[in-house]
Every structure is written in structure tokens, then in C-alpha cells.
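Trainee: I have a structure here, written as C-alpha cells, and I will follow up with some questions on it.
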Amino acid sequence: MFVKLASESELPAINQAKEFTCGEKTICVASVGGEVSAMNNICLHRGGPIGQGVVEDGKVICPWHGWGWDAKTGEAGPGVKVEVYPVKIEDGNLLIEL
Ligand code: FES
């Protein structure tokens, strides 16, 4: 089931990322070239807030130690992957399926 995560006006600017809270989860929303995607915000390295990082080459760079998380696949390397969630924009809102 899709639920509202944010309104479109709150979304990160192109090639930026931002954190959002949904229930007990924190979600990293990234806009890579204007394409919005969402993944779990908690870095698998030491729990850093991925969504506070910058976007480089389609990856969100964790601000703590620089691991790069692919915004589309959630991967930072072979076998290292955070959960990616389907999103869609409807009626001016970003909806997410957790
Ligand atoms: S906690 Fe993210 S790179 Fe270390």
C-alpha cells in the first residue's frame, strides 16, 4: 500500500538528497537528474544518515565515511544493499510503498 511521505514541494532539489520520517522508519529520498527514488536512510556501515549526504554520479554519499549508495538499487558494493522502496507522485504528493 502506498502512503504519503511528503508533498512534492518538500522534495530534494535535483541531484540532492533529503531525509523523511515515515512511522518508525527514516527514508532517504534522492533526486538523481530529477528522477526521485527512496531507500532506507540507515547506512549499513555504522548507521550514518544517508539522506544527509550529497549526490554524486547517481549515488548518495553517506556523510559519515563516504560510502556511496546507488539511488536506484540501494547498493554500495557487491552484497551490500539497503532496502529500496517504490515511489510515485500523485496529486502533488510523493507516495511510498514500505
Ligand atoms: S556510516 Fe555511512 S559510511 Fe560509515
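The values are calculated or read from the model by the stated rules, or taken from the named source; none is laboratory data. Remember, predicted model here, so these are calculated numbers, not experimental data. Cβ: placed from backbone, ideal geometry, glycine included. Neighbour counts: every protein chain shown. SASA here: full protein model, heavy atoms, side chains in, ligands and nucleic acids out. Shrake-Rupley method; radii C 1.70, N 1.55, O 1.52, S 1.80 Å.
Trainee: Taking amide H positions as placed 1.01 Å from N in the peptide plane, with prolines and chain starts having none, which residues 5 or more places from residue 32, or on another chain, fall under 5 Å of its amide H?
Mentor: Close amide H contacts, sequence-distant or interchain: 15, 37.
Trainee: Over the chain, with the other protein chains present, what is the accessible area per residue in square angstrom, probe 1.4 angstrom?
Mentor: 55
Trainee: Can you tell me which of 34, 79, 66 moves the most in a GNM of the chain? Springs connect C-alpha atoms under 10 Å apart.
Mentor: Most flexible of the set in this elastic network: 79.
Trainee: Given the Cα-Cα distance of residue 21 and residue 1 and 0.36 nm per residue of separation, how much length would full extension add, in nm?
Mentor: 5.5 nm
Trainee: Ok, one more. Ignoring ligands, DNA and RNA, please state the percent of accessible area on the chain from carbon and sulfur, probe 1.4 Å.
Mentor: Summing carbon and sulfur atoms, their accessible area is 48 percent of the total for the chain.
Trainee: Now for a separate question. For residue 52, what is the net charge nearby, where nearby means another residue's Cβ is under 13 Å from its Cβ and Lys, Arg count +1, Asp, Glu -1?
Mentor: 0
Trainee: Can I ask one more? Which of the aspartates and glutamates could be linked to residue 4 by a straight reach, that is with a Cα gap under 17 Å, when you skip same-chain ones fewer than 8 residues away?
Mentor: List returned: 19, 24, 90, 91, 97.
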